[in-house]
Each structure stands twice: as C-alpha cells, then as structure tokens.
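Structure first, commentary second.
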Amino acid sequence: MKKFITKLLVFSIFVVCIIMLLLWRYSGYVNEFYGKFTSPKQYSLILGDSRSFQGIQPSVINKRLDNDFQTPIYNYSFTIEQVSYGEPFLESIKKKIDPDTKNGLFILSVHPWVLAKREKDDFENNVFFEDEFLPNNMHFTSMNPNPEFFFRNFETFHFKSVFRKLSQVHEDGWMEDSNMTTDTAVQNSWKKKWLASYNKFNNKWETSDYRLAKLNKTIEFLKNHGTVVLVRMPLDKTIVAVEEKFWKDFDSDITTIAKANGIRYFNYARSNSPFVNYDGVHLNKEQGALFTNALCDSIKKYKD
Amino acid sequence: MVFNSFEFLLFLPIVFVLYWFVAKNSTKHQNILLLVSSYFFYASWDYRFLFLLVFSTVLDYYTGIQMFEAKTQRMKKFWFWLSIGINLGFLGVFKYYNFFVGSFQEMLSGFGVETDFWTLNVILPVGISFYTFHGLSYVIDIYYDKIKPERNFIDYSVFVSFFPLLVAGPIERATHLLPQIQRHRSFDYNKAADGLRQILWGLFMKVVVADNCAIVVNKVFENQETANSSTLLIGAVFFAFQIYGDFSGYSNIALGTARLFGVELLRNFAFPYFSRDIAEFWRRWHISLSTWFRDYLYIPLGGSKGGLWMQVRNTMIIFLVSGFWHGANWTFIIWGGLNALYILPLVIFKLNRKNTNIVAENSWFPSIKEILQMILTFALTTIAWIFFRSLTVKEAWAYVKKLFDYTAYGFPDADLKPFLFIFILLFVEWFRRKKQHGLELSDVNSQIFRWTVYLGVFLLILFFGASSDSFIYFQF
C-alpha cells in the first residue's frame, strides 16, 4: 500500500505541477474566467455580460481616468448565460471589492436581457437561474491558485487553447478576441444567430421589476465605494429593435433609477452610434478602444 | 456523478481511504462501506430512484430465499414468476410503456381509429436495465438450482449495487461477483496499479476519442439532409468510434475502479473492431450482455440443439431482444435485426466459430485477408450503428441511402481531427490486443517508459479532452 500511495502521490504532483505551470503561463487562454477569481480584491470594476467583457478595456480607462478614481479598474464581466443583476451577482461583487475603497469607479453595463426574468427564475422562492453559474457558484473570488474554481468549474477549462490561441483574457479581466475574422459573411451569420437567440428570449423571458430593484440595490451598495455609471453599449440597430420590442420603456426605466440614485446613464445604443459591432452585439479590439475612450470622455465630463 | 467528473475524483479517494485504512480488517465493514458509498453514488443522480433500487434488491433477496425454501415446485414457481414479473414490470413501465402505447396508437391510427391513451411523463431511472438484469440472473440461477441464495442482505445488496457497475454494467453474475464480496479482500498492489492504468485508458477513450467524435457526429446527424455523402460517411465512422470510446471507456473505468477495491468485474470489451467477422465482433462487444442473453435466453430457448431452423430462430430472437433492451424505439430493434441478419449466414454455414483466436496472434501485423475481413466487419457494424444513433427509422434509412449514393460524394464538411485520436486508439490497442485493456503495461519493465506513457495519456486528456456530462449507455 505504501508503494502504491507513494507512486500515486508522485504522479499526482507531476500532474498538479503541469496544470499549475500551464495556468501560470497561459491562464488567459485556457480559461476565460479563472483569472477573475485569482486576481486580488479590486477598487474599481466593470460589470456586465460579454458585451462589456469584450467591449470595455480597463487599460484605456486606467490611462484616461487614473487621476480621478482609485484605479486600476478590473473587468469583472461574464456572459449572458451566467449573469443578471440580482442578489447572487451582488454578493459576488461584494466579495470582489476591496472594502476600503472610497473613490472607485463602477461601470455597470445594462440592457434588457441582463434585467429580465428567465424561465428558471422563481424570485418568490429565491430561485435564480444564475445560482449554478459563475461567478455566483464561487465562494472564494480572490484566491491564487484557486482550487475551488477547479472543483466547481473544471469543464470551463480548455487546455488545448495553449496551442490554438483564439481569445485571451488579459490580467485586467478584459477579453480580447485575438483571432477575429474579417469575413463579413461569417460575421453576418453570427449576427443572425444573435438575432435568433434574442428573438427566442423575447418569447420566453419577461421584463422584471424584481431585477430592476436589485440593480438599484447594487448601485446603492457601490455608491458607498465611489462613482457609479450605467452604460448601454453600442448595438446594431436590428438588435436594438428586438430589445425595444421586448422592453419598450427600458431606457426610461433605467433613467428613472439613475436619477433616483443621482448617477449618470450613458446610452450608446442609439441609431447614430458611430461604433460598429462585428456580430451585431460585440465590439472588436479597435472599436472597443474607441468606445472606451468615448466612455471616458463622458465620465470625465460628468465628473467635472 | 459521472466517472469523468470532479465529484467522482473526490468521491473515489475518500471511499478508497476509508475502505483500506478504516474498514480493512473486517469484510463486513468493507461491504457496509461499499453499500453506503454505492447508494450515495446512485442518489447523486436522483435520490428518488434509490427507493426503486432498494425495492428491487429486497424483492430479489427475499424471493431468492423463498424459492430455495419452497416445499413444492408450485411454490417455487410462484416466487420465481413473482420476482420476474415485478422486475420486468418495472422495466416495462419505466422504459417501454410509452413505446407500446405509442406504437399501438399509431397502428390504430393506420386503421383510421384515433385514440388518446394515457402516457407516462417519467424519466428513466438510471441503470435500471443493468440492475434489473443483475437481479434476474440471480433469481434464474436459484430457480435452476445453479446457486444457493445469499442469506447476508448486505452482501447481496453490494452485489446488486456495487457503484462501479451500478449505472452501466458490466452485467455481473452471482457466481462471479458474490464470492468476491463474501471473502476478505486485501490490498493487491499489482491489481490496484493496473486498475489505475485501466481508468486512465478509459478516460482517454471517453473524453478524447468519444467526446471529440461526438461533436462531429451530432453536427452531421443534425444536418444530414444537407450534408454530402462523404460527410455522412465520416459521421457514421465517427459514431462507431464514439460509441466504442464511450461504452468501452466507461467499462474500463468501471473495471479499473473495482480493482482498486480488490474486485474483478467481468470483462465487457475485447478490442471488438479487430474482429474478422460479426460472430467474433459479438464475442468481443458488450460481452456481459451477450453472454447474459446466451445463458438466459438463447440456451433456454433451445440454443442450437433443435436443428438449424431452431438455431436461426433463436439467433433472431436474441438479437431483436438485445436491440429492444437498448431502448424503446424501432431504431434499436432494427439495429438488432440487422446484426442478426449479418450473423445468420455464419450460423447457417457453421462459420460462426471460425475466428475464436486473436487476430494475427503470432505476428506484428495482420495479413491482407485479415485486414479486408476487419474492414468488412467494421463497415457492417457501422451501417447498423446508423440505426442505433438515428432518432427515427426514416432518418436512418435516408442516411444509409445517401451513403450509397455515389453521386452525392464530395469534399467532406466535417472536422477530421478525431481521426488522429482514433489512430492513437487503434495503434495502442493493436499492440495491446492480447492484453485485458489498452494500457496494460505489466510486461513493460522500463519504469521510465511506463511513466512516459501515463503522462502522455494524461496530456492527451488534458489538451484534447472534450466535455460531456454523461455516457451513452446510462440511458439504457
């Protein structure tokens, strides 16, 4: 038995070392989310789904707003499959934020789908679709290495990306799609897919006062730590049309919340938006940098 | 809790440590631990069905004793049929009721009679076909006085519920597994080390071969109407390896896990794609089920004793029943029927036991004739697998028809990467074909070579493993 256990331990150490080495060297490639739970607690955060995950670049903000806020800012955004504004996300944000922060900047990306009630939601009985997903299934959000992440989210790793680097999540949490196609036919097919998905959401999901209230609660909490802004990111007009069909008064609802909290709501999803979404929804690296700069201008103007 | 999950990676060492360190001095304690762990393992799928498993266990345990103690043949028969009836009744209700109702409705509808019978909205309890067959073999063996009933309820329950085999076999026999459960088990280094190798190989087969093939297969079968024939051919070949990697991979993990606890389970696969004819294939594929049908259906029906006609009839019956065992769908029945048709010429011309040895047993490589035989056998099974994989007979038929439409061939529109993993699988298994599994390296003296292979397989799993949350055979 001793021989068996010893050999097994040696092999396990080999295996753990290999995994640790890969994570140390390539964590931004092999898992989009692992870094979000190994980075330290943060002063400033970008919150939302894949729109802000790809489209808002912390490095631009750090450069532009360094004197105005406690930076660096960290992109703590996930995907539409994982997050909505609600109690679970708020709990995760509370864990990620440095409790001593007084002058942080918090950019909350909002749109109808991250404030909708989904099929699995049962608010009365405290059942949230997002419970089982990241970041809500994580207790430890700033531990390096983070074994909890392995046990709960092992299936999100794709070590083959060490060889085929399709996308990279930078140390500041921003996801860069480094292998973006310029083929418009492919991009159009992506847009069609998003349209189909949103049309499906439109039929199945409902507008939610509950989630609006939770957004309000999130803002109230974050205001204790600095400046909060709400952002609706640039979108293709066909997607905006679906969202307006789903939630006609979305902008006025968000404006009401912003006014009640004395914060600003920047709506970039207008027909005259100068930004181009490669798939109708997301911004590529260049467009993301332009947009983040524009957002910094708006925040600076608001701050001054 | 599937074998390729982190939950299992936690569960297994905990049970292992408790088994060999806390309960090692007492067989009774070891068996209680195995039973509790097995019920925990099963409840992690759906705790509600645990009651069904316990009920089935109590039923067969009790009727086994009653049959043995029955004063008259009539009473013995009563207890026998009670057990068989209830066991098959559960299987019938959970697995086949809706199929029969649906088929009956369709038949009536064909005569212009529209009906709306009550159907069940239930999920199939995981592993029900496997543990029911466990129980049936035990009851039948007692009825025919081949074994005596087990008086120790814990031992019997472990026989039915031992977690490595609980959800997808191998289908064990009381004569093989029960004596191992009854006797004291001490740690055997060689057995445990080889068990780990078998688990590693099973994981490779599942997450690298099967799950990567599955990605392509799902796409091809979903878009079969628009896909060209070459794409369909690749989809069919990949499915043949998907199901092999999935089920044989599962079986390897099950057997390897059992060996960590000092238990040897029945071998389920013996490199079936190196078979030279269909009869050999069926001696090498899902062996525990094939032998179950042979012993409890084919032989009681008369086997080959009643002449050629009887042999043909019985062969047809076991293949059709085997198809039906896999699922309540005509696709499975046709899959079974096709295999019966493949094997019948061999039965009729008494060629079914021609290839009982290992292919190219005394040489490194097969002869041209053997290669052609293996390719033909593989092609036949692959065509049958199309029915197994398709959702309806109509879809399967359209798929097969298009495969033979030579004008529809073109450049395949499918990811061909899985061929690389299939090549690795076949390469390793070819050179290990005389062994129990692909990674049996007991005859390799160089420790450096062995460890290089382990790390190589681990890296393949790490870098190229795809993910799925289940095994195909769990649905059966």
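Could you tell me which of the residues A:Glu130, A:Glu176 is part of a strand (DSSP E or B) and either hydrophobic (A, V, I, L, M, F, W, C) or in contact (Cβ under 8 Å) with a residue 40 or more places away in the chain (or both)?
Numbers: A:Glu130 fails: part of a strand (DSSP E or B).
Sole residue among the options that is part of a strand (DSSP E or B) and either hydrophobic (A, V, I, L, M, F, W, C) or in contact (Cβ under 8 Å) with a residue 40 or more places away in the chain (or both): A:Glu176.
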Scanning the range A:147-173 for residues that are within 13 Å of chain B (Cβ to nearest Cβ), assigned to a loop (DSSP other than H, G, I, E, B) and within 20 Å of the chain's Cα centre (by Cα) gives A:Phe157, A:His158
Single condition A:Tyr74 does not satisfy, out of (1) part of a loop (DSSP other than H, G, I, E, B); (2) in contact (Cβ under 8 Å) with a residue 60 or more places away in the chain; (3) closer than 21 Å to A:Gln57 by Cβ: (1)
Taking into account only those residues within the range B:439-459 that are in contact (Cβ under 8 Å) with a residue 40 or more places away in the chain and more than 14 Å from every other protein chain (Cβ to nearest Cβ), which is nearest to the chain's Cα centre (by Cα)? B:Glu440
Just a yes or no: is a residue in the range A:31-52 under 23 Å from A:Phe291 (Cβ atoms), out of contact with any strand residue (DSSP E or B) (no Cβ under 7 Å at 6 or more places or on another chain) and either within 14 Å of chain B (Cβ to nearest Cβ) or charged (D, E, K, R) (or both)? no
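Quick one: is B:Val347 in contact with a Phe, Trp or Tyr (Cβ under 8 Å, 6 or more places away or on another chain), modelled with pLDDT under 95 and hydrophobic (A, V, I, L, M, F, W, C)? Show your work before the answer.
Details: in contact with a Phe, Trp or Tyr (Cβ under 8 Å, 6 or more places away or on another chain): no; modelled with pLDDT under 95: yes; hydrophobic (A, V, I, L, M, F, W, C): yes.
No; evaluated as a whole, the condition is false for this residue.
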Pairs, please: C-beta under 7 Å, at least 6 apart or cross-chain, first residue under 30 Å from A:Glu148 (Cβ atoms) and in contact (Cβ under 8 Å) with a residue 40 or more places away in the chain and in the range B:9-35, second surrounded by fewer than 18 Cβ atoms within 10 Å (Cβ to Cβ) and among the hydrophobic types (A, V, I, L, M, F, W, C)? B:Trp20/A:Met1; B:Trp20/B:Phe187
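Do you know which residues across the range B:1-25 are among the polar types (S, T, N, Q) and open to solvent by less than 30 Å² (accessible area, probe 1.4 Å)? Reasoning before the result, please.
Quick first cut of the range B:1-25, residues among the polar types (S, T, N, Q) only: B:4-5, B:25.
Correct list: B:Ser5 only.
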Hey, A:Tyr85 in a loop (DSSP other than H, G, I, E, B), under 17 Å from the mean Cα position of the chain (by Cα) and away from chain B (no Cβ under 14 Å) or not: yes
Quick one: which of B:Ala270, B:Ala240 is of a type in the set (A, V, I, L, M) and free of Cβ contacts under 8 Å to residues at least 40 places away in the same chain? B:Ala270
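In this structure, is B:Lys369 assigned to a helix (DSSP H, G or I), over 29 Å from the mean Cα position of the chain (by Cα) and within 30 Å of B:Phe99 (Cβ to Cβ)? Please lay out each step first, then the result.
Numbers: assigned to a helix (DSSP H, G or I): yes; over 29 Å from the mean Cα position of the chain (by Cα): yes; within 30 Å of B:Phe99 (Cβ to Cβ): no.
No: the conditions fail for B:Lys369.
Is there a residue in the range B:208-224 that is among the small types (Gly, Ala, Ser), assigned to a helix (DSSP H, G or I) and crowded, with 24+ Cβ neighbours inside 10 Å? Before the answer, list the steps.
Taking the range B:208-224 as the starting set, the residues that turn out to be among the small types (Gly, Ala, Ser) are B:210, B:214.
From what's left, assigned to a helix (DSSP H, G or I): B:210, B:214.
Next, from what is left, pick out any that are crowded, with 24+ Cβ neighbours inside 10 Å: B:210.
Scanning the range B:208-224, I find at least one residue that is among the small types (Gly, Ala, Ser), assigned to a helix (DSSP H, G or I) and crowded, with 24+ Cβ neighbours inside 10 Å, so the answer is yes.
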Quick one: what pairs do we get from the range A:29-40, first residue closer than 14 Å to A:Ser161 by Cα and modelled with pLDDT under 90, second among the charged types (D, E, K, R) and open to solvent by 30 Å² or more (accessible area, probe 1.4 Å), C-beta under 9 Å, 6+ apart or different chains? A:Tyr29/A:Arg164; A:Tyr29/A:Lys165; A:Val30/A:Lys160
Looking at A:Asn216, A:Asn188, A:Asn202 in this structure, which one is open to solvent by 70 Å² or more (accessible area, probe 1.4 Å) and either within 14 Å of chain B (Cβ to nearest Cβ) or not acidic (Asp, Glu) (or both)? A:Asn188
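Only one residue in B:Ala210, B:Ala168, B:Ala214, B:Ala193 is aliphatic (A, V, I, L, M) and free of Cβ contacts under 8 Å to residues at least 24 places away in the same chain. Which one?
Details: B:Ala210 fails: free of Cβ contacts under 8 Å to residues at least 24 places away in the same chain; B:Ala168 fails: free of Cβ contacts under 8 Å to residues at least 24 places away in the same chain; B:Ala214 fails: free of Cβ contacts under 8 Å to residues at least 24 places away in the same chain.
Residue meeting the stated conditions: B:Ala193.
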Out of the range A:221-252, which residues are in contact with a Phe, Trp or Tyr (Cβ under 9 Å, 6 or more places away or on another chain), open to solvent by less than 20 Å² (accessible area, probe 1.4 Å), assigned to a helix (DSSP H, G or I) and in contact (Cβ under 8 Å) with a residue 60 or more places away in the chain? A:Leu222, A:Glu243
Per-region count, the range A:11-25, residues at the interface with chain B (Cβ under 10 Å from one of its Cβ atoms) and either open to solvent by 60 Å² or more (accessible area, probe 1.4 Å) or outside any helix (DSSP H, G or I) (or both): 1
Considering the range B:186-238, residues that are within 14 Å of chain A (Cβ to nearest Cβ) and among the polar types (S, T, N, Q), and then whichever is nearest to B:Gln30 (Cα to Cα), we arrive at B:Ser186
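With the structure loaded, tell me whether B:Phe464 is within 14 Å of another protein chain (Cβ to nearest Cβ), in contact (Cβ under 8 Å) with a residue 12 or more places away in the chain, closer than 28 Å to B:Leu233 by Cβ and open to solvent by 40 Å² or more (accessible area, probe 1.4 Å) or whether it fails that test.
Details: within 14 Å of another protein chain (Cβ to nearest Cβ): yes; in contact (Cβ under 8 Å) with a residue 12 or more places away in the chain: yes; closer than 28 Å to B:Leu233 by Cβ: yes; open to solvent by 40 Å² or more (accessible area, probe 1.4 Å): yes.
Yes: the conditions hold for B:Phe464.
Is it the case that A:Ser142 is under 14 Å from A:Asn31 (Cβ atoms), under 17 Å from the mean Cα position of the chain (by Cα) and more than 14 Å from chain B (Cβ to nearest Cβ)?
Values: under 14 Å from A:Asn31 (Cβ atoms): no; under 17 Å from the mean Cα position of the chain (by Cα): yes; more than 14 Å from chain B (Cβ to nearest Cβ): yes.
For A:Ser142, the condition - under 14 Å from A:Asn31 (Cβ atoms), under 17 Å from the mean Cα position of the chain (by Cα) and more than 14 Å from chain B (Cβ to nearest Cβ) - is not met.
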Just give me the residues in the range B:71-80 being open to solvent by 70 Å² or more (accessible area, probe 1.4 Å), part of a helix (DSSP H, G or I) and of a type in the set (Lys, Arg), in sequence order. B:Arg74, B:Lys77
Could you tell me which of the residues B:Ser83, B:Ser56, B:Ser37, B:Ser44 is in contact with a helix residue (DSSP H, G or I) (Cβ under 8 Å, 6 or more places away or on another chain), open to solvent by 50 Å² or more (accessible area, probe 1.4 Å) and either outside any helix (DSSP H, G or I) or of a type in the set (Gly, Ala, Ser) (or both)? B:Ser44
Of the numbered conditions (1) at pLDDT 95 or above; (2) open to solvent by less than 40 Å² (accessible area, probe 1.4 Å); (3) more than 14 Å from chain A (Cβ to nearest Cβ), B:Phe419 satisfies every one except a single condition; which is it? (2)
What are the pairs, 6+ residues apart or on separate chains, where a residue within the range A:279-304 that is under 14 Å from A:Gln54 (Cα atoms) has its Cβ under 6 Å from a residue that is of a type in the set (A, V, I, L, M) and part of a loop (DSSP other than H, G, I, E, B)? A:Asn284/A:Met180; A:Gln287/A:Val276; A:Phe291/A:Leu283; A:Thr292/A:Ile56
Check A:Lys3 against each of (1) open to solvent by less than 10 Å² (accessible area, probe 1.4 Å); (2) within 13 Å of chain B (Cβ to nearest Cβ) and name the one condition it does not meet. (1)
(1) more than 14 Å from every other protein chain (Cβ to nearest Cβ); (2) at pLDDT below 95: which one isn't true of A:Lys95, the others all being true? (2)
Of the residues in the range B:1-34, those that are among the aromatic types (Phe, Trp, Tyr) and more than 13 Å from every other protein chain (Cβ to nearest Cβ) come to B:Phe3
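The values are calculated or read from the model by the stated rules, or taken from the named source; none is laboratory data. As the structure is a computational prediction, the values presented were derived from the model and not from experiment. Virtual Cβ from ideal backbone geometry, glycine too; neighbours counted across all protein chains shown. Remember, those area values only see protein heavy atoms, side chains included, never the ligands or the DNA or RNA. Shrake-Rupley method; radii C 1.70, N 1.55, O 1.52, S 1.80 Å.
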